[in-house]
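Structure record follows, encoded as structure tokens.
Any read-out appearing in this document is the output of simple, stated calculations on the displayed coordinates, not a laboratory observation. All figures in this text were calculated on a predicted structure; none of them were measured in a lab. Using ideal geometry, Cβ is built from the backbone for each residue, glycine included, and neighbour counts are taken over all protein chains shown.
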Amino acid sequence: MRNEVNERHLSIKMHPHARERMQERGATVDEVLKTITKGEWFRAKFGRSGFRMKLFYDDFWKGQYYHTKQLEVYGVEEGEDFIVITVIVKYFQE
């Protein structure tokens, strides 16, 4: 799927649920797009695709300092589109 998203130039669209999760979990659209285009692809449940990437953060989230954050982006291909369904963000002090 990763190669298909990049090589077939699928249009990446955000489901409203994904946008809500991004906002409440601290992910930006640019970070999500970078994770899809440059991150590690993996198979997810229910025929979905997942992409994972660690990003340099060096900032505070909810009052706590973190050095790194990791995005996991889950979605599905529908026709000529890749629909982002949800985004999970994990913060690390390492």
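If neighbour count is taken as other Cβ atoms inside 10 Å, put Arg43, Arg48, Arg21 in order from fewest to most.
Arranged by neighbour count, lowest to highest, Arg43, Arg48, Arg21 become Arg43, Arg48, Arg21.
In whole Å, what are the extents of the chain along the principal axes defined by its C-alpha atoms, from largest to smallest?
The principal-axis extents, from largest down, are 42, 23, 23 Å.
For Glu20, Glu78, Glu94, Glu72, which order do you get if you count the other beta carbons within 10 Å of each Cβ and list the fewest first?
Glu94, Glu78, Glu20, Glu72
Mind counting lysine pairs for me in the chain? Cα separation below 17 Å, and the two need to be 8 or more apart along the chain or on different chains.
Eligible lysine pairs with Cα atoms under 17 Å apart amount to 11.
So for the pair Val29, Tyr65, with labels modelled 7 Å out along Cα→Cβ, what separation do we get in nm?
3.2 nm
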